[in-house]
Amino acid sequence: MVEPIVQYKDIHKAFGDIEVLKGINLDIQPGEKVALIGPSGSGKTTIIRLLMTLEQPTSGVIEVNGHNLWQMKNTKGELVEADDKHLRSIRGDIGMVFQHFNLFPHMTILENCMLAPTIVKKQEKSEVRKTALEMLEKVGLADKVDLYPNQLSGGQKQRVAMARALMMKPKVMLFDEVTSALDPELVGEVLEVIRDLAKSGDMAMILVTHEMDFALDIADRVLFLNEGVIEEEGHPKDILVNPQSERLQDFLVRFT
Ligand code: ADP
């Protein structure tokens with residue numbers, strides 16, 4: 001059997017007194033596309049922020065490629081808290097696209113894409129430039145590379161954010177409601193790029209989305225999160241077309 005690329009093992013997360021995640025167990029296979037749906041406040045973003053190491057769990061373990069995110073073995077073979085080097089090496093396998101694009105306004109889109117690999121990975125600039133041009137081509141922006149973010153539409157900015165995340169050649173891509181800040185007429189072009197990536201790539205993907213038709217089309221599995229627990233999961237058709245729990249049925253009525 002293939003080892004999962006990501007494993008959440010009994011993850012709990014509290015903010016103060018409020019327990020937002022109440023025991024999440026989730027294995028993601030290499031290349032698997034998982035859509036995460038659920039009401040606002042159910043903990044979807046927290047699930048992916050944990051994997052990005054932007055939050056730490058209150059208890060439980062997350063492993064990427066079999067490596068514990070927050071612990072590592074020291075030279076004596078003892079388990080100790082992970083250091084920055086350990087975190088960086090694991091995080092290198094994970095890319096994320098946010099709801100808001102987080103591009104640097106004073107840099108061209110080519111420079112935005114080149115920044116992380118040049119600084120973090122200390123790669124040769126001409127190589128990085130070549131990769132950036134390839135990635136921008138992949139998201140349909142080959143003719144815009146020298147423009148600045150404020151010269152682009154929201155949909156184009158989001159496509160730059162995707163190209164930038166692809167620069168690190170992640171094994172897992174996280175998409176957090178990437179179309180929800182966009183004007184409706186710009187949603188299609190962004191979903192189209194994700195669809196192409198999903199169909200062509202062997203990257204695993206976790207997508208937090210309210211686009212149910214899109215989830216039905218590209219996901220291998222849909223998870224319905226409710227009040228910090230995975231209440232229902234399965235094949236997109238079973239979950240989205242033939243939901244079992246009343247809460248999932250109610251939720252879907254609001255989005256279809
Ligand atoms: P979703 O993505 O499903 O809307 P989130 O994961 O963003 O849900 O949030 C789940 C709950 O956790 C919400 O009630 C939110 O207010 C709370 N929460 C998220 N981040 C923080 C934080 N940094 N501090 C305090 N509460 C937080």
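Odds and ends about this structure:
- Neighbour counts of other Cβ atoms within 10 Å put SER59, SER126 in the fewest-to-most order SER126, SER59.
- Of LYS85/LYS237; LYS33/LYS85; LYS76/LYS171, pairs whose Cα-Cα distance is over 32 Å: LYS85/LYS237
- Theoretical FRET efficiency, 1/(1+(r/R0)^6), r = Cβ-Cβ of ASP27 and GLN151, R0 41 Å, to 0.05: 0.45
- The modelled label-to-label distance for the pair ASP84/LYS237, using points 7 Å beyond Cα in the direction of Cβ, is 5.1 nm.
- q = 0.07, 0.10, 0.15, 0.17 Å⁻¹, the chain: log10 I(q)/I(0) [Debye, one scatterer per Cα]: -0.25, -0.51, -1.13, -1.37
- Figure legend: label point modelled 7 angstrom from the Cα of GLU124 along Cα→Cβ; residues of the range 143-182 with amide N under 20 Å from it are 167-169.
- Cα gyration tensor shape for the range 1-143, rounded if a/c is under 1.5, else prolate or oblate: prolate
- Once you divide the Cα radius of gyration of the range 150-256 by 2.2 N^0.38 Å, the number left is 1.14.
- Dipole in debye (nearest 20) - the range 1-125, about Cα centre, beta carbon charges: Lys, Arg +1; Asp, Glu -1: 260 debye
- Its relative contact order, with pairs defined as Cα atoms under 8 Å and 6+ residues apart, puts the chain at 25 percent.
- Largest mean-square fluctuation among VAL241, VAL145, VAL193, in a Gaussian network model of the chain whose springs join Cα atoms under 10 Å apart, belongs to VAL241.
- Within the chain, the longest segment free of exposed loop sites, counting GluC sites (Glu not before Pro) that fall outside DSSP classes H, G, I, E and B and have at most 14 other Cβ atoms within 10 Å, spans 125-256.
- Extension gain, GLN99 to HIS67, is 8.7 nm, computed as 0.36 nm per intervening residue step minus the present C-alpha separation.
- The range 147-166 and the range 194-214 have Cα centres separated by 18 Å.
- Global geometry of the range 191-230, whether rounded, prolate or oblate, following the gyration tensor of its Cα atoms and the 1.5 cut on a/c: prolate
- For the chain, the mean residue ellipticity at 222 nm estimated from helices alone is -10000 deg cm²/dmol, where every DSSP H run of n ≥ 4 contributes -39500 (n - 2.57) and the total is divided by all residues, rounded to the nearest 500.
- Rounded to the nearest 20 debye, the dipole size of the chain about its Cα centre is 900 debye, using +1 on the Cβ of Lys and Arg and -1 on the Cβ of Asp and Glu.
- The lysines whose alpha-carbon is closer than 19 Å to the alpha-carbon of LYS22, local same-chain residues fewer than 8 away aside, are LYS9, LYS13, LYS44.
- Span from the the range 82-115 Cα centroid across to the the range 229-245 one, whole angstrom: 33 Å
Read the figures in this text as sums done on the coordinates, not as results from a lab. None of these values were measured; they are calculated from a predicted model. Neighbour counts are summed over all protein chains in view; Cβ atoms, including those assigned to glycine, are modelled from backbone coordinates with ideal geometry.
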